[in-house]
Amino acid sequence: MRSIEKNFFIKIVLFLLLTNAAIASEIVIKVNKHTNSDYSQNTQLNQEQLRRIFFTRQTHWSDGTPIRAFVLPDKHPLHIRFSKEILGVYPYQLRSAWDRMMYSGTGSPPITVNNIEDMRDKIQFTPGAIGYFAE
C-alpha cells in the first residue's frame, strides 16, 4: 500500500512542477509569417493593439488581410495568463464581450483551439493568423 501512495505522490509532484514551469514561461504573440503586415516582421504589438485584435474591433491587418485570431480554451492556464497579463482583463470579461458580439450579430469571437500544438499549426498555416503560446 505504501508503494502505491508513494508513486501517486511522485506523479502529483512531477505534474505540479511541469505545470508550473509552463505557467512561468514567457508568453509569445505570433503572427503568420505570410501576412504582409508590419506586425509579421517582428514589430511589437502594444497592449491596445492586441486588445483591438482579440476583442475583434480590428478585423484586418495593414495590408488588408483579414485577421484570424486564435485563442486557447477559457480555463487553460496560458489563456488565463494571456488575458490578465497581456490584455489586462479577466478571462470572463473577454468571454462576456465575445458572447455579446456573437449574440447581437455584431461580430464573431476568435477561434478556440484545443491546445498549444493546434495553436502553432493554425498560426503557421492560416494567412492573417495571430495567437499566443509559452516559450
Would you confirm, using the coordinates I've provided, whether Arg68 is touching a strand residue (DSSP E or B) at 6+ places or on another chain (Cβ under 8 Å) and either closer than 16 Å to Leu50 by Cα or touching a residue at least 40 places away in the same chain (Cβ under 8 Å) (or both)?
yes
Hey, Phe70 hits all of (1) at pLDDT 95 or above; (2) in a helix (DSSP H, G or I) but one; which does it fall short on?
(2)
Of the conditions (1) surrounded by fewer than 15 Cβ atoms within 10 Å (Cβ to Cβ); (2) touching a residue at least 24 places away in the same chain (Cβ under 8 Å), Asn32 fails just one. Which one is it?
(1)
Taking only the range 76-135 into account, find how many residues are within 20 Å of Gln49 (Cβ to Cβ), in contact with a Leu (Cβ under 8 Å, 6 or more places away or on another chain) and hydroxyl-bearing (Ser, Thr, Tyr).
2
Scanning the range 70-88 for residues that are aliphatic (A, V, I, L, M) and over 17 Å from Ile130 (Cβ atoms) gives Ile80
Scan the range 39-61 and give yes if some residue there is more than 17 Å from Ile130 (Cα to Cα), out of contact with any Gly (no Cβ under 8 Å at 6 or more places or on another chain) and either modelled with pLDDT under 90 or of a type in the set (Gly, Ala, Ser) (or both), otherwise no.
no
What number of residues within the range 48-67 are assigned to a helix (DSSP H, G or I) and among the β-branched types (Val, Ile, Thr)?
1
Modelled with pLDDT of 95 or more, within 15 Å of Lys30 (Cβ to Cβ) and touching a helix residue (DSSP H, G or I) at 6+ places or on another chain (Cβ under 8 Å), is that true of Leu87?
no
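The values are calculated or read from the model by the stated rules, or taken from the named source; none is laboratory data. Worth saying up front: this structure is predicted, and the values here are computed from it rather than measured. Because the Cβ atoms are built from the backbone with ideal geometry, glycine has one as well, and the counts that use them run over all protein chains shown.
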